[in-house]
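In what follows, a single structure is set out as structure tokens and then discussed.
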Amino acid sequence: MLSVALLLLCSASFTGYAGQCRNAGPVNTANAALARTVEPVRWSRALLKRDKKWYSSSEAVRIADNLLLYQRDNGGWNKNTDMAKPLSREEEKALQAPAEKGGVATIDNGATFTQMEYLARVYEATGQQKYKEGFLRGLDYLLEAQYDNGGWPQFYPIRKGYYEHITFNDGAMMGVMQLLRNVALNKAPYAFVDAPRKELSANAVEKGLDVILKSQVKVNGKLTAWCAQHNHITLAPANARAYELVSLSGGESLGIIKYLMALEKPSPEVIRAVDAAVSWTNQVKITGIRLKWIKDATTHTERDRIVVTDPTAPPLLARFYEIGTNKPMFVGRDGIVHEKLAEIEQERRSGYSWYIAFSQELVEQDYPAWKRKWAVTE
């Protein structure tokens, strides 16, 4: 009984990364080993799925304070940083330096709109004004970054190159659109946003919808899907990195379809876009294969990814399809298109997502229900 009591007392004293047992007296080695296995909190969108009460915890507040330190002067955030990691005094000071505060901000890889939603949740739970102010600065950033035609660049202020394209890749623009739509609709946790900003958000969403519909790719006069990025002036499909060429994007198109299907009272234009895109995804789905991780045949240490035959595997979508032929595209850093994953270099095979899950539920359940709800006829 004593060992159990000590374990409970120790477990109750965990605080974030520290994982230390305070005022619990002697602890046996088994309990100490258990303490060391506690996983540290890492920054990701998974933090947006915590229980509502958690956002008032000391750990949640600590992370929110980190986000304010990482926030740029323009209101946005950079990407690919573990912003949940505890910071030393020196690190906190460095983040407040003018060079850091004036650095780049982006919506790529979930940046900015994820931090904003987190701050809104912590503000809702704590009522601390600094989190509201941080969110509103982020909101102003997103509204300012939008192109006049309704799209969003990957980076703002604009970075020359593919960064200035309207970016659907990795859910960038759709993440922004979903947040702004929730703000405009006064959904939790955004009820605190003032009326003028809600109106601006609603206008931004309408402009964004317009550019989504205008950029849907037509092949032989027939609507299909979307590229991962589109030219911000012509709206034509555009290249990004050497291995991200003009194409139709399976994953990004799924995200756009889901957004469009969530709209209330969809217009005839939205209905046509959804019908065409769902038809396209169903047409290009890939069956009978699955991905498998193996040891690299050359080094025997690095991981490699291969495609194996499996008639029972669920359907997949390729990340990129050639416009016009709908053939899956696999591209290495040399920019050369191949028809098979095995034909590109190991680093790109294992370091990039070339296939995604096909949403059977979307096509077989959600889409028919959506058509019934809005009395869509063939």
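Taken over the range 329-368, the criterion of being more than 23 Å from the chain's Cα centre (by Cα) and not in a helix (DSSP H, G or I) is satisfied by Gly332, Arg333, Asp334, Gly335, Ile336, Val337, His338, Glu339, Lys340, Ile344, Glu345.
Looking only at residues in the range 207-226 that are assigned to a loop (DSSP other than H, G, I, E, B) and among the hydrophobic types (A, V, I, L, M, F, W, C), the one that is farthest from the chain's Cα centre (by Cα) is Val217.
The one condition from (1) closer than 30 Å to Ser267 by Cα; (2) more than 24 Å from the chain's Cα centre (by Cα); (3) at pLDDT 95 or above; (4) not charged (D, E, K, R) that Val376 does not meet is (3).
Checking Glu100 against (1) buried (at least 16 other Cβ atoms within 10 Å of the Cβ); (2) in a helix (DSSP H, G or I), only one condition comes out false. Which one? Going through (1) buried (at least 16 other Cβ atoms within 10 Å of the Cβ); (2) in a helix (DSSP H, G or I) one by one, Glu100 breaks only (1). Condition test on Arg319, is it within 22 Å of the chain's Cα centre (by Cα) and not β-branched (Val, Ile, Thr)? Here the answer is yes, as Arg319 does meet what is asked.
Here Lys222 meets the list (1) surrounded by fewer than 22 Cβ atoms within 10 Å (Cβ to Cβ); (2) in the same structural domain as Asn66 (by TED's automatic domain parsing); (3) within 24 Å of Gly250 (Cβ to Cβ) almost entirely, failing just condition (2). For the range 227-242, filtered to residues that are assigned to a loop (DSSP other than H, G, I, E, B) and either in contact with a strand residue (DSSP E or B) (Cβ under 6 Å, 6 or more places away or on another chain) or of a type in the set (Lys, Arg) (or both), the residue that is nearest to Leu139 (Cα to Cα) is His232. Of all residues in the range 42-66, those being outside any helix (DSSP H, G or I) and of a type in the set (S, T, N, Q) number 2. Residues in the range 310-343 that are more than 27 Å from Cys227 (Cβ to Cβ) and touching a Gly at 6+ places or on another chain (Cβ under 6 Å): Pro311 only.
For (1) at pLDDT 95 or above; (2) not in a helix (DSSP H, G or I); (3) not hydrophobic (A, V, I, L, M, F, W, C), each residue gets a yes or a no:
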{"site": "Asp82", "(1), (2), (3)": "yes, yes, yes"}
{"site": "Asn109", "(1), (2), (3)": "yes, no, yes"}
{"site": "Ala120", "(1), (2), (3)": "yes, no, no"}
{"site": "Lys130", "(1), (2), (3)": "yes, no, yes"}
{"site": "Leu139", "(1), (2), (3)": "yes, no, no"}
{"site": "Leu143", "(1), (2), (3)": "yes, no, no"}
{"site": "Gly150", "(1), (2), (3)": "yes, yes, yes"}
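Taking the conditions exactly as written (in contact with a Lys or Arg (Cβ under 6 Å, 6 or more places away or on another chain), closer than 24 Å to Ser215 by Cα and modelled with pLDDT of 95 or more), does Phe320 satisfy them or not? Answer is no for this residue.
Scan the range 204-214 and tell me whether some residue there is at positive phi and surrounded by fewer than 23 Cβ atoms within 10 Å (Cβ to Cβ). The answer is no, given that none of the residues of the range 204-214 is at positive phi and surrounded by fewer than 23 Cβ atoms within 10 Å (Cβ to Cβ). Annotation for the range 192-206: no member residue is polar (S, T, N, Q) and in a loop (DSSP other than H, G, I, E, B). Among the candidates Ala357, Ala369, which residue alone is over 21 Å from Ile294 (Cβ atoms), loosely packed, with under 13 Cβ neighbours inside 10 Å and hydrophobic (A, V, I, L, M, F, W, C)? The conditions single out Ala369.
Let's see how each residue does on (1) closer than 16 Å to Ala242 by Cα; (2) in contact (Cβ under 8 Å) with a residue 24 or more places away in the chain:
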site: Leu291; (1), (2): no, yes
site: Arg305; (1), (2): no, yes
site: Tyr321; (1), (2): yes, yes
site: Thr325; (1), (2): no, no
site: Asp334; (1), (2): yes, yes
site: Arg348; (1), (2): yes, yes
site: Glu361; (1), (2): no, no
site: Glu364; (1), (2): no, no
site: Trp370; (1), (2): no, yes
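The values are calculated or read from the model by the stated rules, or taken from the named source; none is laboratory data. No experiment lies behind these values; they were computed from the predicted model shown. Positions of Cβ are generated from backbone atoms using ideal geometry, with glycine treated the same way; all protein chains shown enter the neighbour counts.
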